[in-house]
Amino acid sequence: MKQRTDNPKKEKKAWPTKDAMAQIYEKNLWGSNQSEFYSGLGSHDPEIINPYLEVVSSFLSTFNPRLTVCDLGCGDFNVGSKLIDFTKKYYAIDIVESLIEYNKTRFKEEDLKFLCLDIAEDSLPVADCVIVRQVLQHLSNAEVARVVKKLIDFKYVILTEHLPDKNFEPNMDIISGQGTRLKKNSGINLLASPFNLEVYRQRELLSVRSPNFKGFIVTTLYQLY
């Protein structure tokens, strides 16, 4: 029998994005709240989330049978928790393990499953529709590109991104977990280079001026096939 050789350097894997996102929650960098985990105003400000919930729930309600949804970057689940009733099954995914464990104690639905995954590296559940709400804006172009390769497995993609309010150069690169592209007057456009996502059709569902920051929070529906 071949003797097993431990190689600590090989087994140890760096997770810069995972570490950065965990630190954001540990240090309350997205704002303070009474709850242990808080995903910021983008997940709690009624001016942002109420119109979003209206358009997304309206879209999901048009399907019979209901769609299975995969929520990439579910955060504290304040938003996703209000969409479960419009789906057949809801996968809520985040990279921060302690956050996922916390969510499991707060939200218990028969057709809801929380998963701790790195959406750029790990395989994703099979679903009809993927929701990516203000997540890609925090990732480097390399990580966004890896996510885009997985989006083609879903028929519908509901993408929400914080974009500048004037003409801008899309997809300028950043370091994952260190702010967003707004600091470079840029934002994510999956149809533009270097991502070049091919879609069957697209429709803007919502554009809301950010009440606390510059720019607009734009939600777009993509049908991929």
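The values are calculated or read from the model by the stated rules, or taken from the named source; none is laboratory data. Quick caveat: nothing in here was measured; it's all calculated off a predicted structure. Here the Cβ is made from the backbone with ideal geometry for all residues, glycine too, and neighbour counts use every protein chain on show. Surface areas here come from the heavy atoms of the whole protein model, side chains and all, with no ligands, DNA or RNA. Shrake-Rupley method; radii C 1.70, N 1.55, O 1.52, S 1.80 Å.
The table below lists the values:
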quantity	calculated
Residues of the stretch 93-110 classified as open to solvent by 20 Å² or more (accessible area, probe 1.4 Å), acidic (Asp, Glu) and within 30 Å of Asn141 (Cβ to Cβ), total	1
Test for Lys149: is it modelled with pLDDT of 95 or more and charged (D, E, K, R)	yes
Counted residues, the stretch 60-78 - those being closer than 26 Å to Ser98 by Cα and either without any contact (Cβ under 8 Å) to a residue 12 or more places away in the chain or assigned to a loop (DSSP other than H, G, I, E, B) (or both)	6
Of residues in the stretch 77-92 being out of contact with any Cys (no Cβ under 7 Å at 6 or more places or on another chain) and hydrophobic (A, V, I, L, M, F, W, C), the one surrounded by the most Cβ atoms within 10 Å (Cβ to Cβ)	Phe77
Complete set of residues in the stretch 56-89 that are under 14 Å from the mean Cα position of the chain (by Cα) and at negative phi	Val69, Cys70, Asp71, Leu72, Cys74, Asp76, Asn78, Val79, Gly80
Search result, residues across the stretch 34-44 that are farther than 21 Å from Asp85 by Cα, without any contact (Cβ under 8 Å) to a residue 60 or more places away in the chain and surrounded by 14 or more Cβ atoms within 10 Å (Cβ to Cβ)	Tyr38, Ser39, Gly40
Ser43 farther than 22 Å from Ile217 by Cα and either of a type in the set (A, V, I, L, M) or modelled with pLDDT of 80 or more (or both)	no
Residues of the stretch 175-196 classified as of a type in the set (Lys, Arg) and either closer than 12 Å to Glu143 by Cβ or loosely packed, with under 13 Cβ neighbours inside 10 Å (or both), total	1
Pick from the stretch 45-59, criterion over 13 Å from Val79 (Cβ atoms) and in contact (Cβ under 8 Å) with a residue 12 or more places away in the chain, ranking: surrounded by the most Cβ atoms within 10 Å (Cβ to Cβ)	Phe59
